[in-house]
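Here the structure is laid out as structure tokens; the discussion comes afterwards.
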Amino acid sequence: MRSQLPTANTIKTHVTCPQLPLTVYREVAAHLRQVVGVKTGLIVRSSDSGSEKFDYTQSQIAALWLEYPQNIDNQQKKRLDEILDYYGQRYRPWETITD
């Protein structure tokens, strides 16, 4: 699923946790969608070659994208951060991907 291009009034970021399982990424995305104003989705890891072996230590997901308004309510932004912090502490810290 591709996201729409962000407008000037939105913040868009990508975060990743290289060994996080697909199911946990889906769970994180579902929790984040409950925050008012937040859009999110998963970016599937692409294989450079068709013969590349599946690696069980790596996630099938390359990143989680987030998009939310610049003027997001402080309480909603706090909730977004709490969700990411929870999973970051439970599994591994999130890494922000810069374009």
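Values quoted throughout were computed directly from the atomic coordinates according to the rules given, and no laboratory measurement underlies them. Everything quoted here is computed from the prediction, not taken from an experiment. Here Cβ is always computed from backbone atoms with ideal geometry, including for glycine, and neighbour counts include all displayed protein chains.
Suppose the chain between Q70 and V24 were pulled fully straight at 0.36 nm per residue; how much longer would it get relative to their current alpha carbon spacing?
This chain segment gains 13.9 nm when fully extended.
Let me check against my output: what whole-number percent is the relative contact order of segment 10-97, with C-alpha pairs under 8 Å and at least 6 apart?
It rounds to 46 percent for segment 10-97.
Among 81-93, 17-29, what's the highest-first ranking by average C-beta atoms within 10 angstrom per residue?
Packing order, densest peptide first, comes out as 17-29, 81-93.
Across every pair of different alpha-carbon atoms, what Kirkwood hydrodynamic radius in Å does segment 10-97 reach?
13.7
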